[in-house]
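J.: What follows is a single structure, and I will ask about it in a moment.
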Amino acid sequence: MMKISKLLKVGAFALLAASLCFVSCKDEDDTNDAFSGGKVDFDNGYVTVSSDGVTIKNAKSTDTGAVENKAGVNGTTYGYYYRAFNQTTTKHRGGIVEIKITPNSDDKEGVAGFVFDLTDGSTADTYNFCVAAIDYNSTAGAIRTYVSRYTGTQVKNNNFTTSSNFSGTETSADGASSKEWTELSGFSAAADGTVTVVIKVGTKADQTDGSYTVGYYTNTTVAKADGENDFSNAKKTVTVTTANTGRSDAKTQTKLAYYAGIMPGKHFTVNFDFGTTYGSADEIAFADETILVSE
């Protein structure tokens, strides 16, 4: 039975959780779904492994056959990472996403990101996209980010992977061939321990060459006030070059997505919220669970 849509009003937008997934919709009793609307609250501490070692499922410690998801399980180096998208079915050229991480332990637990410029790859079941992602180490009080583009990323109906990165080809925003984590300054945890980072994807007024600008803000109100083409009040900006986008006009409308990647043995809690989108005035329609994993 496929999941039934839910309609959530967010300002002038509606988040509709129904339609096509990258691969397939999940059964109602499937415990592997991380996204519930814009929220992820997923404990990756235990898994079950099929007798052939191929099918991995999320589990509770008390479940039959459950094993701790850690280095060495089923011959893995680190255990199983969990990765999922919640993808729009409507197209937009950019927007603003608020990401709020609630720590469950004193270490990094996962990665949360805003996916943009999401298109079909050149071969079946592959996708191309950019992602601006963050992680948070609550012990060190450190928030990091990276902006990368992936091409030819493979998709299959399984959230779990032994790799900490996507498959396909990765280039960082500046064209380097590997991920470039940098620390975000000007952000701090709230009294309740949560950390909020607002990511805006748009283009500056003089950007007509197919590039994007990614801006990081402390709150959605300030990001909205700057508008799509101004990043004056951003704490940090990153330019995604035309070499990465391959476009002549950055205002091409494509699909967007929320992204969550959860480390082996960790419990990751994060909330996503679209503050606004740029381009199409259509309702923001989401698939219940969109699965994108590396080999």
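The values are calculated or read from the model by the stated rules, or taken from the named source; none is laboratory data. Remember, it's a predicted structure, so these values are computed and weren't measured experimentally. All Cβ positions, glycine included, derive from the backbone under ideal geometry; neighbour counts span all protein chains shown. Accessible surface areas use protein heavy atoms only, side chains included; no ligands, DNA or RNA. Shrake-Rupley method; radii C 1.70, N 1.55, O 1.52, S 1.80 Å.
J.: Please go through segment 33-77 and pick out each residue that is touching a Lys or Arg at 6+ places or on another chain (Cβ under 6 Å) and at pLDDT below 90.
T.: Within segment 33-77, just ASP33 meets the criteria.
J.: Shifting gears a bit: Spot the failing condition for GLY152; the list is (1) in contact with a Gly (Cβ under 7 Å, 6 or more places away or on another chain); (2) on the phi < 0 side of the Ramachandran plot, and only one is missed.
T.: Among (1) in contact with a Gly (Cβ under 7 Å, 6 or more places away or on another chain); (2) on the phi < 0 side of the Ramachandran plot, the lone unmet condition for GLY152 is (2).
J.: Here is a follow-up. Identify, from the list TYR136, TYR146, the residue that is free of Cβ contacts under 8 Å to residues at least 60 places away in the same chain and either crowded, with 24+ Cβ neighbours inside 10 Å or assigned to a loop (DSSP other than H, G, I, E, B) (or both).
T.: Values: TYR146 fails: either crowded, with 24+ Cβ neighbours inside 10 Å or assigned to a loop (DSSP other than H, G, I, E, B) (or both).
Checking each option against the conditions leaves just TYR136.
J.: Which one is modelled with the highest pLDDT among residues in segment 149-167 that are open to solvent by 50 Å² or more (accessible area, probe 1.4 Å) and closer than 26 Å to THR237 by Cα?
T.: We begin by selecting, within segment 149-167, every residue open to solvent by 50 Å² or more (accessible area, probe 1.4 Å); these are 151, 154, 156-157, 162, 164.
From what is left, the residues that are closer than 26 Å to THR237 by Cα are 151, 164.
On the way: THR151: 87, SER164: 83.
For segment 149-167, the residue satisfying everything is THR151.
J.: Look through segment 255-280, keep the residues that are of a type in the set (Ser, Thr, Tyr) and in a strand (DSSP E or B), and return whichever of them is modelled with the highest pLDDT.
T.: The initial filter retains those residues of segment 255-280 that are of a type in the set (Ser, Thr, Tyr), namely 258-259, 269, 276-278, 280.
So of that shortlist, the ones also in a strand (DSSP E or B) come out as 258-259, 269, 276-278.
On the way: TYR258: 90, TYR259: 90, THR269: 96, THR276: 86, THR277: 84, TYR278: 85.
The residue in question is THR269.
J.: Now, a different point. Could you identify the single residue in THR208, THR213, THR203 that is polar (S, T, N, Q) and within 15 Å of VAL97 (Cβ to Cβ)? Spell out the reasoning first.
T.: Working: THR208 fails: within 15 Å of VAL97 (Cβ to Cβ); THR203 fails: within 15 Å of VAL97 (Cβ to Cβ).
Every option except THR213 fails the conditions.
J.: Then there is this: Step by step: first the residues of segment 227-248, then only those that are of a type in the set (Ser, Thr, Tyr) and at pLDDT 95 or above, then the one that is least open to solvent (accessible area, probe 1.4 Å). Which residue is that? Spell out how you get there, then give the answer.
T.: To start, the set of residues in segment 227-248 that are of a type in the set (Ser, Thr, Tyr) comprises 232, 237, 239, 241-242, 245, 248.
Add one more test, that the residue is at pLDDT 95 or above, and what stays is 232, 237.
Working: SER232: 87, THR237: 62 Å².
Selected residue: THR237.
J.: Still on this structure: May I ask you to list the residues in segment 159-194 that are under 16 Å from the mean Cα position of the chain (by Cα), part of a loop (DSSP other than H, G, I, E, B) and not small (Gly, Ala, Ser)?
T.: ASN159, ASN165, PHE166, LYS179, TRP181
J.: Is it the case that THR196 is touching a Phe, Trp or Tyr at 6+ places or on another chain (Cβ under 9 Å), modelled with pLDDT of 95 or more and not aliphatic (A, V, I, L, M)?
T.: Numbers: touching a Phe, Trp or Tyr at 6+ places or on another chain (Cβ under 9 Å): yes; modelled with pLDDT of 95 or more: yes; not aliphatic (A, V, I, L, M): yes.
It is true that THR196 is touching a Phe, Trp or Tyr at 6+ places or on another chain (Cβ under 9 Å), modelled with pLDDT of 95 or more and not aliphatic (A, V, I, L, M).
J.: Okay, moving on. Only one residue in LYS204, LYS224 is without any contact (Cβ under 8 Å) to a residue 60 or more places away in the chain, of a type outside the set (Asp, Glu) and open to solvent by 50 Å² or more (accessible area, probe 1.4 Å). Which one?
T.: Numbers: LYS224 fails: without any contact (Cβ under 8 Å) to a residue 60 or more places away in the chain.
None of the others qualify; the one that does is LYS204.
J.: Right, something else. So ILE101 clears everything in (1) out of contact with any Phe, Trp or Tyr (no Cβ under 7 Å at 6 or more places or on another chain); (2) within 18 Å of VAL197 (Cα to Cα); (3) of a type in the set (A, V, I, L, M) except one condition, right? Which one?
T.: In the conditions (1) out of contact with any Phe, Trp or Tyr (no Cβ under 7 Å at 6 or more places or on another chain); (2) within 18 Å of VAL197 (Cα to Cα); (3) of a type in the set (A, V, I, L, M), ILE101 misses (1) alone.
Let's see how each residue does on (1) open to solvent by 10 Å² or more (accessible area, probe 1.4 Å); (2) more than 25 Å from TYR150 (Cβ to Cβ):
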{"position": "THR48", "(1), (2)": "yes, yes"}
{"position": "TYR78", "(1), (2)": "yes, no"}
{"position": "ARG83", "(1), (2)": "no, no"}
{"position": "ASN104", "(1), (2)": "yes, yes"}
{"position": "GLY110", "(1), (2)": "no, no"}
{"position": "PHE116", "(1), (2)": "no, no"}
